[in-house]
Amino acid sequence: MKITLLLCAMILLGLGVNAQKLTDADIPVAVKNKFSSMYPTIKVVNWEKENDNYKAEFKYNSKQTTVVIEASGYYLQTETEISVSDLPVKVTDYLKRNVDGKTISMAIKIENAPGDINYKTNIEDEVYLFDRFGDFLSKEKAEK
């Protein structure tokens, strides 16, 4: 479990590094096939390459969604923007105790390949990461 959480945190921190905007022609067939099998109705996708992974950003069920897939077509994770009210109670309780008075600018549910779930919140210039139960994992400075 700790290894999975560490892997998830490393992926999250690495996502902003070396991003390159791509056209559909730049995406490997294995990546496109995997994405299409997961989201067959989605046609408008913004692709980026970050390190060796491909990141698809799109709207799904009216929510901003990001999927990360390796060049081989292996699915890594999905990030879905959620409302603050959809965060686990332990997350909101932690934030009330530790950052009361500051506004949550974004709440995200993260699902990765092994099936683990984490939650990420952006508050001012900081990113807070929580596990599936709402237990605090880490706090980092937000990338600009």
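Observations, loosely collected:
- Test: residue in the stretch 68-75 that is β-branched (V, I, T), part of a strand (DSSP E or B), under 23 Å from K32 (Cβ atoms) and over 11 Å from the mean Cα position of the chain (by Cα): yes
Residues are listed down the side, and each one gets a yes or a no for (1) more than 26 Å from F35 (Cα to Cα); (2) in contact with a Leu (Cβ under 9 Å, 6 or more places away or on another chain):
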| site | (1), (2) |
| --- | --- |
| T78 | no, no |
| S85 | yes, no |
| T92 | yes, no |
| A107 | no, yes |
| V127 | yes, yes |
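- Filter result (under 16 Å from E79 (Cβ atoms) and either modelled with pLDDT of 50 or more or of a type in the set (K, R) (or both)) within the stretch 1-26: A19
- Among the residues listed as K59, K90, K96, the single one being among the basic types (K, R), in a strand (DSSP E or B) and either free of Cβ contacts under 8 Å to residues at least 60 places away in the same chain or more than 28 Å from L22 (Cβ to Cβ) (or both): K59
To keep it simple, each residue is scored yes or no on (1) over 26 Å from E50 (Cβ atoms); (2) touching a Phe, Trp or Tyr at 6+ places or on another chain (Cβ under 9 Å); (3) surrounded by fewer than 14 Cβ atoms within 10 Å (Cβ to Cβ); (4) not β-branched (V, I, T).
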{"residue": "R97", "(1), (2), (3), (4)": "yes, no, yes, yes"}
{"residue": "D100", "(1), (2), (3), (4)": "yes, no, yes, yes"}
{"residue": "T103", "(1), (2), (3), (4)": "yes, no, yes, no"}
{"residue": "N112", "(1), (2), (3), (4)": "no, yes, no, yes"}
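- Residue pairs whose Cβ atoms lie under 8 Å apart, separated by 6 or more positions or on different chains, with the first residue in the stretch 71-83 and at pLDDT 95 or above and the second in a loop (DSSP other than H, G, I, E, B) and of a type in the set (G, A, S), are Y74/A113; Y75/A113; L76/A113; Q77/A113.
- Number of the condition not met by F35 [criteria: (1) at negative phi; (2) within 18 Å of the chain's Cα centre (by Cα); (3) not in a helix (DSSP H, G or I)]: (3)
- Residues located in the stretch 103-138, provided they are outside any strand (DSSP E or B) and within 18 Å of K90 (Cβ to Cβ): D116, R132, F133, G134, D135
- Positions within the stretch 79-95 being within 13 Å of the chain's Cα centre (by Cα) and surrounded by fewer than 19 Cβ atoms within 10 Å (Cβ to Cβ), in sequence order: T80, E81, I82
- Of all residue pairs spaced 6 or more apart or on separate chains, those with beta-carbon atoms under 7 Å, a first member in the stretch 121-144 that is acidic (D, E) and a second member that is outside any strand (DSSP E or B) and at pLDDT 95 or above are D135/K90.
- Among the residues of the stretch 116-144, those identified as of a type in the set (S, T, N, Q) and under 21 Å from S83 (Cβ atoms) are N118, T121, N122.
- One residue from V67, V44, V29 being of a type in the set (A, V, I, L, M), surrounded by fewer than 17 Cβ atoms within 10 Å (Cβ to Cβ) and either at pLDDT 95 or above or in contact with a Lys or Arg (Cβ under 6 Å, 6 or more places away or on another chain) (or both): V29
The values are calculated or read from the model by the stated rules, or taken from the named source; none is laboratory data. The shown structure was predicted, so the numbers you read here are calculated from the model rather than taken from an experiment. FYI the Cβ positions are ideal-geometry reconstructions off the backbone, even for glycines, and counts take in every protein chain you see.
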